[in-house]
Amino acid sequence: MHNAGMNDHTSSSSDAADESGAAGDSLAPYARLTPECVLDAVDGVLMPAGRRTDGRMLALNSYENRVYQIGVEDEAPLVAKFYRPGRWSDEAILEEHAFVAELAAREIPGVPALVLEGRSLHEHEGFRFSLFERRGGRAPDLDRSETLEWIGRFIGRIHAVGALHPYRERPAIDIESYGYEPRTFLLEHGFVPADVRDAWQAAVGLALEGVEAAFERAGDVRPLRLHGDCHPSNVLWTDAGPHFVDFDDSRMGPAIQDLWLLLPGDRADASRALADLLAGYEDFCEFDQRELHLVEALRTLRLIHYSAWLARRWNDPAFPAAFPWFNTQRYWEERILELREQIGAMQEGPLWPV
């Protein structure tokens, strides 16, 4: 078992229908998002309240969106997130904002979008953006049982709120949108080289059969609102404990989705870490153990979806620069081996906490 917790800001998502065009240019969706445009956008929101930027701007690590730390005169900097054009509807973005605001109202440590001029979502020259308080932190020490239990408690609290009502505008993490549709996209758009196409198609077909079987074994598990991309880079640690950032991939899905990404690669170590996470989680939210059948199935879907995410973004100049290894012959050969490993992993039986 290996860890597929890709860092998305490298990670994960694109909607099945996302053709990501831009405020005007599908080949370079952020070409017009110059530093002047960013600062003008933020000033347009701040200045009605007598605040303004001080000209300092630092690009933060994000590929799906564009995220900047913005200096503000006589106060702490803010973080501005400019959403990838065409990816989410306004309603879907606002639904995520509402969820994180629900968490913050219950003192669960997410980072909500700031409401300024009565809105959390703003627009400037065709770009939609939101502002956030800057929250620092360090990587959590996931080798410590007490750290995992602490994180598990907060994930349990997030899920207790997430189960109160469903998303209406945001999609689910499911086999169709994370498996079948990405496979179709990669094949129809010619990303898989001809000399490995048959082998990749056979491997992904068997892998999706394994995913289907795992979901059948799990049965009718209850979907709820999730963080969706709860890998270690999206959990920041301070002396006060963890806080969770980047709910951009928040969707409906099974609770285990927000747990398995925190597990180490070795199966025995993963079982111990899962026990620690669940020890904290079940203080606040009941966990359906049937979902343990889904750990390797969800990992498999994430791997397929990740390849399609890179492919969908390949016209964005930031992606060839950041991921030069994508779409090489070696890349697809490694994906075939990876899928074959996952086929075996899904046949091993579920991961159990020990």
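Residues of segment 53-67 that are out of contact with any helix residue (DSSP H, G or I) (no Cβ under 8 Å at 6 or more places or on another chain), in a strand (DSSP E or B) and surrounded by fewer than 17 Cβ atoms within 10 Å (Cβ to Cβ): 54, 56, 58, 59. Of the residues screened, residue 74 is not one that is touching a residue at least 12 places away in the same chain (Cβ under 8 Å) and of a type outside the set (Phe, Trp, Tyr).
Considering every residue within segment 68-86, establish whether at least one is in a loop (DSSP other than H, G, I, E, B), under 19 Å from residue 319 (Cβ atoms) and hydrophobic (A, V, I, L, M, F, W, C). No, there is no match, as no residue in segment 68-86 is in a loop (DSSP other than H, G, I, E, B), under 19 Å from residue 319 (Cβ atoms) and hydrophobic (A, V, I, L, M, F, W, C). Looking across segment 171-197 at every residue that is among the small types (Gly, Ala, Ser) and assigned to a helix (DSSP H, G or I), the one that is nearest to residue 225 (Cα to Cα) is identified as 177. Exactly one residue out of 217, 135, 168, 153 is modelled with pLDDT under 95 and outside any strand (DSSP E or B), and it is 135. Could you please let me know if residue 310 is at pLDDT 95 or above, within 27 Å of residue 64 (Cβ to Cβ), in contact with a strand residue (DSSP E or B) (Cβ under 9 Å, 6 or more places away or on another chain) and aliphatic (A, V, I, L, M)? No; evaluated as a whole, the condition is false for this residue.
Just a yes or no: is a residue in segment 264-271 of a type in the set (Gly, Ala, Ser), touching a strand residue (DSSP E or B) at 6+ places or on another chain (Cβ under 8 Å) and more than 30 Å from residue 30 (Cα to Cα)? No. The set of residues from segment 35-51 being over 16 Å from residue 127 (Cβ atoms) and surrounded by fewer than 16 Cβ atoms within 10 Å (Cβ to Cβ) comprises 47, 48, 49, 50. The helices (runs of 4 or more DSSP H) found wholly in segment 240-328 and carrying at least 3 residues that are among the basic types (Lys, Arg) occupy 295-312.
Looking only at residues in segment 109-127 that are part of a loop (DSSP other than H, G, I, E, B) and free of Cβ contacts under 8 Å to residues at least 60 places away in the same chain, the one that is farthest from residue 225 (Cα to Cα) is 118. For first residues located in segment 57-70 and under 16 Å from residue 41 (Cα atoms), partners that are among the polar types (S, T, N, Q) and at pLDDT 95 or above and lie 6+ apart or on another chain with Cβ distances below 7 Å form the pairs 58/69; 70/53.
The values are calculated or read from the model by the stated rules, or taken from the named source; none is laboratory data. Just so it is clear, the structure is predicted and the values come from calculations on it, not from any experiment. For neighbour counting, all protein chains shown are included, and Cβ atoms are generated from backbone atoms with ideal geometry for every residue, glycine included.
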